[in-house]
1. Please specify each residue of region 155-189 satisfying the condition of being outside any strand (DSSP E or B), crowded, with 24+ Cβ neighbours inside 10 Å and of a type in the set (A, V, I, L, M, F, W, C).
2. Report, by residue number, each residue of region 55-83 that is under 20 Å from the mean Cα position of the chain (by Cα), surrounded by 14 or more Cβ atoms within 10 Å (Cβ to Cβ) and not aliphatic (A, V, I, L, M).
3. Would you pick out the residues in region 278-288 that are open to solvent by less than 90 Å² (accessible area, probe 1.4 Å) and not in a helix (DSSP H, G or I)?
4. Quick check, is residue 46 loosely packed, with under 14 Cβ neighbours inside 10 Å and within 26 Å of residue 205 (Cα to Cα)?
5. Could you check, for region 300-319, whether at least one of its residues is closer than 28 Å to residue 265 by Cα and β-branched (Val, Ile, Thr)?
6. Checking residue 329 against (1) more than 21 Å from residue 144 (Cβ to Cβ); (2) in contact (Cβ under 8 Å) with a residue 24 or more places away in the chain, which test does it fail?
7. Condition first: β-branched (Val, Ile, Thr) and either in contact with a helix residue (DSSP H, G or I) (Cβ under 9 Å, 6 or more places away or on another chain) or touching a residue at least 24 places away in the same chain (Cβ under 8 Å) (or both). Can you find one or more residues in region 280-295 that meet it?
8. Just wondering, is there one or more residues in region 13-30 that are touching a residue at least 12 places away in the same chain (Cβ under 8 Å), in contact with a Pro (Cβ under 8 Å, 6 or more places away or on another chain), surrounded by 14 or more Cβ atoms within 10 Å (Cβ to Cβ) and farther than 25 Å from residue 193 by Cα?
Amino acid sequence: SGVIPQYAAVFGQCGGGTALLAALSDFTFMVKDTSALFVNAPNTLDDSCGAAERYAGAEFQGRETGNVDFVCENEEILLAQLRELVLMLPFNQEDVLDYDVCEDDLNRKIADYSGTGDAAQVLKDITDVGRYVEVTAGYAREMVTAFVKLNGLTVGAVANRTEILDENGEAVESFNGKLTTEGLQKAADFIRFCDAFSIPVLSLVSATGFDTTVANEKSVAREAARLIHTFADASAPKVTLLTGEAYGSAYLTMNSGHIGADLVYAWPTAEIGMMDAKLAAQIMYADADAETLNEKAAEYKELQSSPNSAAARGYVDAIIEPADTRKYVIGAFEMLFTKREDRPAKKHGTV
């Protein structure tokens, strides 16, 4: 682990101790209807919900547990996706990633996604001719983790999203813009892998807070702290793009400049601050009428939450137009290509 990327492909029954081999791997592939992954056989489980038979299936493992990174329709598709991923990644930790031949225009304009909540669409558009491989796509779908090619360089991308769009641009699933324990865990594992192999990291941030459920509250502090530590501890090049609302500790957690991002860009429509401007106005002017609240909210947004305000405080390095995202991100990673960090000698962190 950490010396070579490790892959596991499950074509049939994978039970008991052999399931641990899949869990020890960096990436696990399963065939949708013909493979199973389990430690204890489903018929041995204390099943009060009557659903034990599906626990070992590829769709459950991919969507509910996050143990499987790729759920494939058949064996041929599995092998094709495995080959594609292998070609995106280094062969070992000393295999320094270099630039492949890029046949795409480095200065190509992209569509204006400032009103779109699906960050995966942004990532697909900025990549070299569609070189995009999403990892653990079925689990914690509000958090996107993917490998992309930018000017021939492999980059690990982490992004928040509030909706999933189909090929026609129609929303098929929506989210509340909050960070969940599952999404935090998914992002931390992905970034830890990237840093082990010196793969640069790109973060697309649009997060307003943490999910307000009892289940989330049980472990959100631990998982958020772990993600902050993972970002801060990573010595690979790190670039952040603020695409939407970035508020409070959620913004801090998603690789802000405060915890070590090398470069931070923002779209003109982004909002950066402690909280939504309207909520802040309601707190500060609790007895004001609606017209006054709207006026004060606009003032607060300009003074505290606008990209210009964040740039003036040094939190943002540049405000860029959405159409220019590809060329700015490529330029950032070119500047950071030779980045090296000397760290204090220690055995390992404990977070």
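The values are calculated or read from the model by the stated rules, or taken from the named source; none is laboratory data. Here the structure is a predicted model, which means the values were calculated and not measured. Note: ideal-geometry Cβ built from the backbone for every residue, glycine included; neighbour counts use all protein chains shown. These accessible areas exclude ligands, DNA and RNA; they are computed on the full protein's heavy atoms, side chains included. Shrake-Rupley method; radii C 1.70, N 1.55, O 1.52, S 1.80 Å.
1. Taking region 155-189 as the starting set, the residues that turn out to be outside any strand (DSSP E or B) are 161-162, 166-170, 175-177, 180-189.
Next cut, crowded, with 24+ Cβ neighbours inside 10 Å only: 161, 183-184, 186-187.
Of everything in region 155-189, those that are outside any strand (DSSP E or B), crowded, with 24+ Cβ neighbours inside 10 Å and of a type in the set (A, V, I, L, M, F, W, C) turn out to be 184, 187.
2. If we filter region 55-83 for residues that are under 20 Å from the mean Cα position of the chain (by Cα), which is where we start, we get 61-71, 81.
Remaining after also requiring surrounded by 14 or more Cβ atoms within 10 Å (Cβ to Cβ): 61-64, 66-71, 81.
61, 62, 63, 64, 66, 67, 69, 70, 81, listed by residue number.
3. Result: 285, 286, 288.
4. Values: loosely packed, with under 14 Cβ neighbours inside 10 Å: yes; within 26 Å of residue 205 (Cα to Cα): no.
The answer is no for residue 46.
5. Initially, region 300-319 is screened for residues closer than 28 Å to residue 265 by Cα, giving 300-319.
Still in the list and also β-branched (Val, Ile, Thr): 316, 319.
Looking for residues that are closer than 28 Å to residue 265 by Cα and β-branched (Val, Ile, Thr), one finds at least one in region 300-319, hence yes.
6. (1)
7. Looking through region 280-295, at least one residue is β-branched (Val, Ile, Thr) and either in contact with a helix residue (DSSP H, G or I) (Cβ under 9 Å, 6 or more places away or on another chain) or touching a residue at least 24 places away in the same chain (Cβ under 8 Å) (or both).
8. For region 13-30, residues touching a residue at least 12 places away in the same chain (Cβ under 8 Å), in contact with a Pro (Cβ under 8 Å, 6 or more places away or on another chain), surrounded by 14 or more Cβ atoms within 10 Å (Cβ to Cβ) and farther than 25 Å from residue 193 by Cα: absent.
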